[in-house]
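Throughout, read-outs are computed from the coordinates displayed, never taken from laboratory work. These numbers were taken from a predicted model, which means no experiment stands behind them. Virtual Cβ from ideal backbone geometry, glycine too; neighbours counted across all protein chains shown.
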Amino acid sequence: MVNFGLIWELTKRDFTEQYAGSVLGALWAMIWPLVYLVIYIMIFGKLMGGHLPGESSIYTYGIYVTVGLVPWSAFSSTLNRSCSVFLEKKHIITKLSTSLPMLLVYVSLSETITFLITMTIFFVFLVATGYTFHSGLLLVPFIFYLMQLFAVGFGLLMATFTVFIRDLKQIVGIILQFWFWFTPIVYVPQILPDLVKRMLVYNPAYIFVQSFQQLFVYQADPPYRQLLLLTVLVHGVLVLAYLVFRTLEKDVRDFI
């Protein structure tokens, strides 16, 4: 049984509890994204002199880093937090009748709210600096949807096994660290050895990040063919994760 009221309440509580007890309260939800954008754009791009090959704007590298790091942060946080969501919410699972996979939705929604706040501030910056918007940016919500759906699907698979293997959450955290540096977010793929470049095609996160970079930095089309294949892959991972969960659901509830 899907309890949408519970999911929404968990989402609101998860988001607001981050700033509970602080003087500024929910204002921190805007302050922190602003701080991150200043670091990404002003410090990385302007003060440290970061630049992209063939690009002369002082803000281009900062934009490149921002449109990679902000989606990655939402993706990695959703995946990492999803691993232990069944264990963390066992007090709810044992008391209320609800769909366990839907618990991952509130994690994704909470991270999506942070993403939307950060991107709103980022768009204000783009307007202030005279950025030329184009119709291709309409694809941003769809690409982010695929990225988060992949995080939820992969997260559901990990959450199911983490109930039995508690160390799995730590292992996923380590994997995410390597995954981040294997994805060209703070560097350009051109600096990589040829062998590593050829391996990037098997990195789903790179396809997502590359799509954002193409749209925002180069104002070009994303890799449509790779996005199409990823669309199939993402939904396949979600279906597989759900089937595995359904097979082990009784054991999951017993072990919690």
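With springs only between Cα atoms under 10 Å apart, run a GNM on the chain and tell me which of Pro101, Pro204, Pro223 wobbles the most.
Pro223
Given a Förster distance of 45 angstrom, what is the FRET efficiency for Trp8 paired with Gln177, based on the Cβ-Cβ distance and rounded to 0.05?
On the way: r = 32 Å, r/R0 = 0.71.
Using R0 = 45 Å, I get an efficiency of 0.90.
Springs between alpha-carbon pairs under 10 angstrom, Gaussian network model over the chain: which of Met158, Met102, Met199 fluctuates most?
For the chain, modelled as a Gaussian network with Cα springs under 10 Å, the answer is Met199.
Taking the Cα atoms only, what angle lies between the long axis of helix 103-128 and the longest principal axis of the chain, rounded to 10 degrees?
With both axes taken from Cα atoms, the answer is about 20 degrees.
Compute, for the stretch 4-255, the length of the dipole vector about the Cα centre, with Cβ point charges of +1 (Lys, Arg) and -1 (Asp, Glu) only. Units Debye, rounded to 20. Intermediate values should be presented prior to the final figure.
Details: 15 positive and 12 negative charges, 63 e Å.
The calculation lands at about 300 debye.
Once the Cβ-Cβ distance between Leu243 and Ile31 is put in as r, and R0 is 25 Å, what FRET efficiency do you end up with, to the nearest 0.05?
FRET efficiency, Leu243 to Ile31: 0.05.
Could you name the lysines in cross-link range of Lys169, using Cα to Cα under 26 Å and dropping any fewer than eight places away on the same chain?
Candidates past the 8-residue exclusion: Lys12, Lys89, Lys90, Lys95, Lys250.
Provide the gained length on full extension for the span Val201 to Arg166, in nm with one decimal, where the gain is 0.36 nm per separating residue minus the Cα-Cα distance.
9.5 nm
Would you give the gap between the C-alpha center of the stretch 82-106 and the C-alpha center of the stretch 170-226, rounded to a whole Å?
Computed from Cα coordinates, the inter-centre distance equals 32 Å.
Among Ala128, Cys83, Ser211, whose Cα sits farthest toward the positive end of the charge dipole of the stretch 4-255 (+1 at Cβ of Lys/Arg, -1 at Cβ of Asp/Glu, about the Cα centre)?
Among Ala128, Cys83, Ser211, the one farthest towards the positive end of the dipole of the stretch 4-255 is Cys83.
Under a no-solvent Debye model with one identical scatterer per Cα of the stretch 47-191, what's log10 I(q)/I(0) at q = 0.09, 0.12, 0.17, 0.18 Å⁻¹?
These q points yield log10 I(q)/I(0) values of -0.37, -0.61, -1.01, -1.09.
Could you calculate the contour length gain from Arg225 to Glu88, that is, 0.36 nm times the residue separation minus the distance between their Cα atoms, to one decimal place in nm?
Result for the pair: 45.4 nm of gain on full extension.
Using a Gaussian network for the chain with springs between C-alpha atoms less than 10 Å apart, which of these wobbles most: Ser73, Ser99, Ser135?
Of Ser73, Ser99, Ser135, the Gaussian network model singles out Ser135 as fluctuating most.
Helix 168-182 sits at what angle to the longest principal axis of the chain, using alpha carbons and giving 0 to 90 degrees rounded to 10?
Roughly 10 degrees, rounded to the nearest 10.
222 nm [θ] for the chain, helices only, -39500 (n - 2.57) per DSSP H run of 4+, per residue, to 500?
Theoretical 222 nm ellipticity from helices: -22000 deg cm²/dmol.
Considering Cα pairs under 8 angstrom that are at least six residues apart, work out the relative contact order of the chain and quote it in whole percent. Let's see the in-between values first.
On the way: 253 pairs, mean separation 66.1, N = 256.
Relative contact order here is 26 percent.
Taking the convex hull of the alpha carbon atoms in the chain, what volume per residue do you get, in Å³?
That works out to 147 Å³ per residue.
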